[in-house]
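The structure under discussion appears below in the form of structure tokens.
The values are calculated or read from the model by the stated rules, or taken from the named source; none is laboratory data. Because the structure is a prediction, the values reported are computed rather than measured. Glycine also receives a Cβ, built like all others from the backbone with ideal geometry; neighbour counts cover every protein chain displayed. Accessible surface is based on the protein model in full, side chains and every heavy atom, while ligands, DNA and RNA are left aside. Shrake-Rupley method; radii C 1.70, N 1.55, O 1.52, S 1.80 Å.
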Amino acid sequence: FTAEWLGLSRQVVQLVVGRRHMSSPGANTALLEKLEKAELRIGLCEDSKLAKLLDPALPNIIGFLATDDAAVRAKVMAILTHLNKRIRGDSSVALPLTPLAKQFANPATAPMASNFCLVYLEMGLGRAAP
């Protein structure tokens, strides 16, 4: 995404997105940068548009919990913590139930990712349209 899309000056975007994690040399820097951008985009998203953003993003973000990289897992947990606060505070946010259910039912899904899928499925079922 671009600074114009966010409605921010380029300097602000460079300050926020340009920061780097000080992690082990084996850290997946490109993935961490993408997660930083996703965190920024989610953080700046209006509540009324959050459900649309989460449809493709939430299952993908949860899937990164399967990584062995501690820095990536920590960034994913930070994003999910932020999402939990926003989702629990606004019952009108619909969650992507079908992709979460598919990910949960997939035997190749890591146990930690499956647990988070289940958490969001439980949250989302109460919000689903009949």
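So the values come out like this:
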| item | result |
| --- | --- |
| Residue, least open to solvent (accessible area, probe 1.4 Å), within region 27-54, restricted to residues that are farther than 15 Å from Arg86 by Cα and of a type outside the set (A, V, I, L, M, F, W, C) | Glu36 |
| Unique residue being in a helix (DSSP H, G or I), within 15 Å of the chain's Cα centre (by Cα), on the phi < 0 side of the Ramachandran plot and touching a residue at least 60 places away in the same chain (Cβ under 8 Å) when the list is Leu58, Leu53 | Leu58 |
| Candidate set: region 7-23, residues that are in contact with a helix residue (DSSP H, G or I) (Cβ under 7 Å, 6 or more places away or on another chain) and surrounded by fewer than 14 Cβ atoms within 10 Å (Cβ to Cβ); chosen: the one modelled with the highest pLDDT | Arg10 |
| Residue in region 83-97 that is farther than 16 Å from Glu122 by Cα and either assigned to a loop (DSSP other than H, G, I, E, B) or at pLDDT 95 or above (or both) present | no |
| Subset of region 61-77 (residues that are touching a helix residue (DSSP H, G or I) at 6+ places or on another chain (Cβ under 7 Å) and assigned to a helix (DSSP H, G or I)) | Ile61, Ile62, Gly63, Phe64, Leu65, Ala66, Ala71, Val72, Arg73, Lys75, Val76 |
| The one condition in (1) farther than 21 Å from Ala108 by Cα; (2) crowded, with 17+ Cβ neighbours inside 10 Å; (3) of a type in the set (Gly, Ala, Ser) that Ala57 fails to fulfil | (1) |
| Count of region 106-130 residues which are touching a Cys at 6+ places or on another chain (Cβ under 9 Å) and part of a helix (DSSP H, G or I) | 0 |
